[in-house]
Amino acid sequence: MTPISGNKSIVVRQVFAEDLDRMIFKPNKQVIGKGNPIINYNYMKSNVDALQIIQLGLSLSDARGNLPDFDSPFSYFWEFNFREIDINRGRYASDSIELLIRQGIDFEKNKEKEIDSKYFAKKFWDYGLLFNCYGLKSITWITVHSTYDFGFMLKILTQSPLPLHLHSFVHQLAYFFGYNIFDLKHYWGY
């Protein structure tokens, strides 16, 4: 657990299909790396369009920077695990798979427990987490690698490849999620 401002520590919750309803944050209860942005976007787009999401690290904060705590002594950051990847067939980034296996992910065992991405998208719609661009909500999205995280989230939500051009991607990103996106990877200096 990592200390944050105040007296609370952050807990990363592993989320699988069986507990998606219990674990997802309901707000009503409470970008790109260095270099040429167009080239970076095209590289990210080709990867996101060709691959399936494995995991998504995500948290939300309110306008004051408070993470969800559910009246507990901790603040929460979720690690959603998806079932679309099949390491015996299909395309995937082998270095990502190797890292996840070293971290203890058992892809075969977890295949039945992981979240279906279409169901995940439905829950985002159901819980009213989208369309933050209208200023009606003051959600800040917190991720560890926002370019890819939001690339995959747009792919999941639209059930389509990412937009052809960077400006269309940015417009779609703002439309669904608003302008408050915080990437911990940049904060940590990666």
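The values are calculated or read from the model by the stated rules, or taken from the named source; none is laboratory data. As the structure is a prediction and not an experimental result, all values here were calculated from the model. Ideal geometry is used to build each Cβ from the backbone, glycine not excepted, and the neighbour counts take in all protein chains shown.
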**Report entry** Selection within region 43-66 - of a type outside the set (S, T, N, Q), outside any loop (DSSP other than H, G, I, E, B) and under 16 Å from Thr147 (Cβ atoms)
**Finding:** Tyr43, Met44, Lys45, Val48, Asp49, Ala50, Leu56, Gly57, Leu58
Query raised in the report: Just to be sure, is Asp116 surrounded by fewer than 17 Cβ atoms within 10 Å (Cβ to Cβ) and charged (D, E, K, R)?
Result: yes
Report task. For region 159-175, state whether one or more residues are at pLDDT below 90 and either in contact with a strand residue (DSSP E or B) (Cβ under 7 Å, 6 or more places away or on another chain) or not in a loop (DSSP other than H, G, I, E, B) (or both). Result -> yes
Report task. Scan region 67-110 residue by residue and report those that are at pLDDT 75 or above, surrounded by fewer than 13 Cβ atoms within 10 Å (Cβ to Cβ) and in a loop (DSSP other than H, G, I, E, B). Result -> Phe70, Asp71, Ser72, Pro73, Gln103, Gly104, Asp106
Requested in this report: Quickly run through region 14-36 and pick out the residues that are modelled with pLDDT of 70 or more and surrounded by 14 or more Cβ atoms within 10 Å (Cβ to Cβ).
Outcome: Gln14, Val15, Phe16, Ala17
Requested in this report: Under 7 Å between Cβ atoms, at least 6 apart or on separate chains: pull out the pairs that start in region 103-115 with a residue that is within 12 Å of Gln14 (Cα to Cα) and charged (D, E, K, R) and end on any residue that is surrounded by 10 or more Cβ atoms within 10 Å (Cβ to Cβ) and modelled with pLDDT under 80.
Outcome: Lys113/Phe16; Lys113/Ala17; Lys113/Glu18; Glu114/Phe16; Glu114/Ala17
Query raised in the report: What are the residue pairs meeting all of these: first residue in region 168-180, first residue under 18 Å from Asn42 (Cα atoms), second residue part of a helix (DSSP H, G or I), Cβ atoms under 8 Å, and 6 or more apart or on different chains?
Result: Phe169/Tyr41; Phe169/Lys45; Phe169/Gly151; Phe169/Leu154; Gln172/Leu154; Gln172/Thr158; Leu173/Phe150; Leu173/Leu154
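Tell me the residue from Ile54, Ile101, Ile85 that is in contact with a strand residue (DSSP E or B) (Cβ under 9 Å, 6 or more places away or on another chain) and not charged (D, E, K, R), please. Break it down stepwise before answering.
On the way: Ile101 fails: in contact with a strand residue (DSSP E or B) (Cβ under 9 Å, 6 or more places away or on another chain); Ile85 fails: in contact with a strand residue (DSSP E or B) (Cβ under 9 Å, 6 or more places away or on another chain).
So the residue among Ile54, Ile101, Ile85 that is in contact with a strand residue (DSSP E or B) (Cβ under 9 Å, 6 or more places away or on another chain) and not charged (D, E, K, R) is Ile54.
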